[in-house]
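Novice: Dumping the structure here so I can ask a few things about it.
The values are calculated or read from the model by the stated rules, or taken from the named source; none is laboratory data. Here the structure is a predicted model, which is why all the values come from computation and not from measurement. Here the Cβ positions follow ideal geometry from the backbone for every residue, glycine too, while neighbour counts run over all protein chains shown. These accessible areas exclude ligands, DNA and RNA; they are computed on the full protein's heavy atoms, side chains included. Shrake-Rupley method; radii C 1.70, N 1.55, O 1.52, S 1.80 Å.
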Amino acid sequence: MERMSDEPARWSQATVYPDMWADPDDDPRNSEGPGPDGELETLQDFLTNYRMTLRMKCEGLDAEQLARRSVPPSTMSLLGLVRHLAEVERDWRNWISDGDPLPKLYGERDADFDGAVAEQAVVDAAYSDLEREQAATDAALAEHPDLSKRVGKDRIAIRELVVHRVEEYARHCGHADLLRECVDGRVGQ
């Protein structure tokens, strides 16, 4: 006897490898030739690819699907991740500043996830916030090409901040994998 389930069937758009998100020739993260030279360039390449991965995990979903808290009791959603990473990008600029900290984008703790509601205006604002905050943090860090330089009130090394950015996006792309699979069954790298 077959059981009914609310779980979506697993699927992928890839035709070459069934566990991939996209076929290698269609994957914007793939590039021809060797990887970048240099530590900073390598870290920036990883960050760029993780940023693209997050966007790919959100593509094709409507506001309700993006805001769906797919793994109860967690408040995490794909939209919440977008908002959280915008908030974190802003906070990283506070790490390298000697001035007063920038205010939170979304308010009190966990408001980035709690405020991720199924409204298109919230989705549009989240993507706009993320793009703006990424660009601002990228610009602030571009002023410090020496990875060993220590900055800010806590004298954090630029290397530590850049590596932490890569780690934060990588970790949340893992969350996005699970959230997306719960939303519509799509799987892949």
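Novice: Would you confirm whether or not the stretch 51-68 contains a residue that is open to solvent by 40 Å² or more (accessible area, probe 1.4 Å), closer than 24 Å to residue 175 by Cβ, among the β-branched types (Val, Ile, Thr) and at pLDDT 70 or above?
Specialist: no
Novice: Just for the stretch 16-30: of the residues that are more than 19 Å from the chain's Cα centre (by Cα) and at pLDDT 70 or above, which one is least open to solvent (accessible area, probe 1.4 Å)?
Specialist: Among residues in the stretch 16-30 that are more than 19 Å from the chain's Cα centre (by Cα) and at pLDDT 70 or above, the one least open to solvent (accessible area, probe 1.4 Å) is 24.
Novice: If I ask for residues that are free of Cβ contacts under 8 Å to residues at least 24 places away in the same chain and either part of a helix (DSSP H, G or I) or loosely packed, with under 11 Cβ neighbours inside 10 Å (or both), which ones from the stretch 147-157 would you list?
Specialist: Correct list: 148, 155.
Novice: Evaluate the stretch 92-103: report whether one residue or more is part of a helix (DSSP H, G or I), more than 30 Å from residue 153 (Cα to Cα) and open to solvent by 60 Å² or more (accessible area, probe 1.4 Å).
Specialist: no
Novice: Just one of 131, 108, 160, 167 is among the acidic types (Asp, Glu), more than 30 Å from residue 6 (Cβ to Cβ), free of Cβ contacts under 8 Å to residues at least 12 places away in the same chain and assigned to a loop (DSSP other than H, G, I, E, B); which is it?
Specialist: Being among the acidic types (Asp, Glu), more than 30 Å from residue 6 (Cβ to Cβ), free of Cβ contacts under 8 Å to residues at least 12 places away in the same chain and assigned to a loop (DSSP other than H, G, I, E, B) holds for just one of 131, 108, 160, 167, which is 108.
Novice: From the list 109, 132, exactly one residue is at pLDDT below 95, charged (D, E, K, R) and open to solvent by 60 Å² or more (accessible area, probe 1.4 Å). Which is it?
Specialist: When all the criteria are applied, what remains is 109.
Novice: If you go through the stretch 171-189, how many residues are among the small types (Gly, Ala, Ser), loosely packed, with under 15 Cβ neighbours inside 10 Å and part of a helix (DSSP H, G or I)?
Specialist: The number of residues fulfilling the criteria is 1.
Novice: I've got another one for you. Scan the stretch 107-120 for residues that are touching a His at 6+ places or on another chain (Cβ under 9 Å) and either farther than 19 Å from residue 72 by Cβ or among the aromatic types (Phe, Trp, Tyr) (or both) and report the count.
Specialist: 1
Here's the yes/no breakdown for (1) more than 13 Å from the chain's Cα centre (by Cα); (2) within 27 Å of residue 188 (Cβ to Cβ):
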{"residue": "46", "(1), (2)": "no, yes"}
{"residue": "58", "(1), (2)": "no, yes"}
{"residue": "62", "(1), (2)": "yes, yes"}
{"residue": "96", "(1), (2)": "yes, no"}
{"residue": "99", "(1), (2)": "yes, no"}
{"residue": "122", "(1), (2)": "yes, yes"}
{"residue": "130", "(1), (2)": "no, yes"}
{"residue": "136", "(1), (2)": "yes, no"}
{"residue": "148", "(1), (2)": "yes, no"}
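Novice: Which one is modelled with the highest pLDDT, of the residues in the stretch 1-15 that are within 18 Å of residue 180 (Cβ to Cβ) and open to solvent by 100 Å² or more (accessible area, probe 1.4 Å)?
Specialist: Looking at the filtered set, the residue picked out is 7.
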